[in-house]
1. Looking only at residues that are under 21 Å from A:I48 (Cβ atoms) and at the interface with another protein chain (Cβ under 10 Å from one of its Cβ atoms) in the stretch B:22-45, which one is surrounded by the fewest Cβ atoms within 10 Å (Cβ to Cβ)?
2. Scan the stretch B:112-132 residue by residue and report those that are within 14 Å of another protein chain (Cβ to nearest Cβ), surrounded by 22 or more Cβ atoms within 10 Å (Cβ to Cβ) and over 21 Å from B:E196 (Cα atoms).
3. Scanning for something in contact with a Phe, Trp or Tyr (Cβ under 6 Å, 6 or more places away or on another chain), without any contact (Cβ under 8 Å) to a residue 60 or more places away in the chain and facing chain A (nearest Cβ under 9 Å), does the stretch B:133-146 turn up at least one residue?
4. Do we have any residue at all in the stretch B:123-145 that's within 21 Å of B:E266 (Cα to Cα), part of a helix (DSSP H, G or I) and among the aromatic types (F, W, Y)?
5. Out of everything in the stretch A:87-104 that is touching a Ser or Thr at 6+ places or on another chain (Cβ under 9 Å) and crowded, with 18+ Cβ neighbours inside 10 Å, what residue ends up being farthest from the other protein chains (Cβ to nearest Cβ)?
6. Restricting attention to the stretch B:201-215, does a residue exist that is within 14 Å of chain A (Cβ to nearest Cβ) and assigned to a loop (DSSP other than H, G, I, E, B)?
7. Check the stretch B:159-166 and report whether any residue there is under 28 Å from A:L99 (Cα atoms), at the interface with another protein chain (Cβ under 9 Å from one of its Cβ atoms), surrounded by 19 or more Cβ atoms within 10 Å (Cβ to Cβ) and not basic (K, R).
8. Is it true that some residue in the stretch B:156-166 is under 26 Å from B:M85 (Cβ atoms), of a type outside the set (D, E) and assigned to a loop (DSSP other than H, G, I, E, B)?
There are 2 protein chains.
Amino acid sequence: MKKLRRSARLVDMTQYLLAHPHTLIPLTFFSEEYGSAKSSISEDLSIIKEAFEEQGIGVLKTVAGAAGGVKYIPQLGLKQAEQFMHGLLEQLAKPERLLPGGYLYMSDILGDPGTLQLIGKLFATVFADKEADVVMTVETKGIPLAYATAAYLNKPVVIVRRDNKVTEGSVVSINYVSGSSKRIQTMSLARRALAEQSRVLIVDDFMKAGGTVRGMIDLLQEFRATVVGCGVLVETADVSERLVDEYISLAKLQEVDLKEKQIALELGSYFTVEG
Amino acid sequence: MKKLRRSARLVDMTQYLLAHPHTLIPLTFFSEEYGSAKSSISEDLSIIKEAFEEQGIGVLKTVAGAAGGVKYIPQLGLKQAEQFMHGLLEQLAKPERLLPGGYLYMSDILGDPGTLQLIGKLFATVFADKEADVVMTVETKGIPLAYATAAYLNKPVVIVRRDNKVTEGSVVSINYVSGSSKRIQTMSLARRALAEQSRVLIVDDFMKAGGTVRGMIDLLQEFRATVVGCGVLVETADVSERLVDEYISLAKLQEVDLKEKQIALELGSYFTVEG
């Protein structure tokens, strides 16, 4: 047990809370860790709480009672989120991103840790109350988004594979029709990868007709799971029939003019639909 | 400009530094942000520095002069690393992890954000001085490790695809022989995904003969890139001829007895080879 001064305690408690989001930490944990009275720890926590809220880092929830403690809930405020997304839309609208089939090159954006952290924090803000047990995505490009989100929710990630050559014991596979290409494809998940009756948050990078997400939802029925939410980074607007009803998007691809090399994007449903 | 008290400054500077590893932050940034004198900021930083070092979070490097500032270098100390890895080895040695072909089921471990953070911090510690421009891996299971590492190094991630159906413009593909299965496979990377002459850190989850990593190294020649390091979570010991010379492993799979369902693991080369 090391006795720390308040200033050192503030630094260490801050990093500990940030590293353990959505986790109830008993006050006794800190008071034992630092050899400090609970009253001092409480004062520290109200300093941190105020700073977190003022700087838009998130909220500290205090739970009273014997089983009580403190919980850090990461939150990206609406203004911060809009500001960040406007910057992202500007990046996404660059003509050189246009790919055949009306897709956008996003690998650089999905490879940047700072950008991912903000997207993950935003999804974690949106779905904070859904009590998801796991965050799920399908390989490959959705994976970084799922991890970024899961890190802020402090939940494990489950990755659905795009083939059935998975060597992880008993596997559940389904065929699904990719809404845009109309081709039949396969996705698979090992039995042991997801507990029965889990509450699942689905995250993906791009949604056209929604065939891939629909496939995940169908696959999840085999695990008697509940889909508690679905978030996509970019959805396309030009879809006659969407295969998924409930989802939120952060950006919407309004129009792609391959000839004129123009991309029109706007904020997604999270920002535009009345909540 | 908001004028903050020291306690609030300490909380906010701590979270800012943690969110921006390996980034030089000028003192003026903080003094302008908080409306404080540089001398106060310097005092704050020495409090944070001491706390970071005492709690094993990492080091704060101060760079003097006009272009100077402070840089947070995440570090997982050798003792912490060994303690963490011993716990991981215990988890990995559970007989139910055995898969056909002498592989181990690791998806649960690679899905857990807390575990990934520690592995990522460990790789970032090992390769901190390599001045990598990007962290690279091949889909699928290495991806979370690459992102966890890249987050602590503050570098982008580049993901090599296992097919050549990548729709990202001009693509470089190579065929390689998976060292263990002896099958010919393909891996691909879009031209635009990696700048020529980049310094690349390769990260992967599992290495048997090293065919996959060898494939990545060969692919990187097409981009005139330099491999500055290679880290794998688990290597297997029973390999007659390794296709890769220089790498570090965190764990070594000594023996797998499929009949007796026993797995023998020990610490990898990072812990056992004289540095």
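The values are calculated or read from the model by the stated rules, or taken from the named source; none is laboratory data. The model shown is predicted, which means the values in this text are computed figures rather than measured ones. Reconstructed Cβ throughout: ideal geometry from the backbone, glycine too, with neighbour counts over all protein chains shown.
1. Ranking the candidates gives B:E43 first.
2. Here is the first cut: in the stretch B:112-132, the residues within 14 Å of another protein chain (Cβ to nearest Cβ) are B:112-121, B:123-124, B:132.
Next cut, surrounded by 22 or more Cβ atoms within 10 Å (Cβ to Cβ) only: B:113, B:116, B:119-121, B:123-124, B:132.
B:P113, B:L116, B:I119, B:G120, B:K121, B:F123, B:A124 - these are the residues of the stretch B:112-132 that are within 14 Å of another protein chain (Cβ to nearest Cβ), surrounded by 22 or more Cβ atoms within 10 Å (Cβ to Cβ) and over 21 Å from B:E196 (Cα atoms).
3. Of the residues in the stretch B:133-146, the ones in contact with a Phe, Trp or Tyr (Cβ under 6 Å, 6 or more places away or on another chain) are B:144.
Among the residues that remain, those that are also without any contact (Cβ under 8 Å) to a residue 60 or more places away in the chain are: B:144.
Add one more test, that the residue is facing chain A (nearest Cβ under 9 Å), and what stays is B:144.
Yes, the stretch B:133-146 contains at least one residue that is in contact with a Phe, Trp or Tyr (Cβ under 6 Å, 6 or more places away or on another chain), without any contact (Cβ under 8 Å) to a residue 60 or more places away in the chain and facing chain A (nearest Cβ under 9 Å).
4. yes
5. The residue in question is A:L88.
6. Start the filter on the stretch B:201-215 by keeping residues that are within 14 Å of chain A (Cβ to nearest Cβ), which leaves B:201, B:203, B:205-206, B:208.
Next cut, assigned to a loop (DSSP other than H, G, I, E, B) only: B:208.
Among the residues of the stretch B:201-215, at least one is within 14 Å of chain A (Cβ to nearest Cβ) and assigned to a loop (DSSP other than H, G, I, E, B), which makes the answer yes.
7. The answer is yes, given that some residue of the stretch B:159-166 is under 28 Å from A:L99 (Cα atoms), at the interface with another protein chain (Cβ under 9 Å from one of its Cβ atoms), surrounded by 19 or more Cβ atoms within 10 Å (Cβ to Cβ) and not basic (K, R).
8. no
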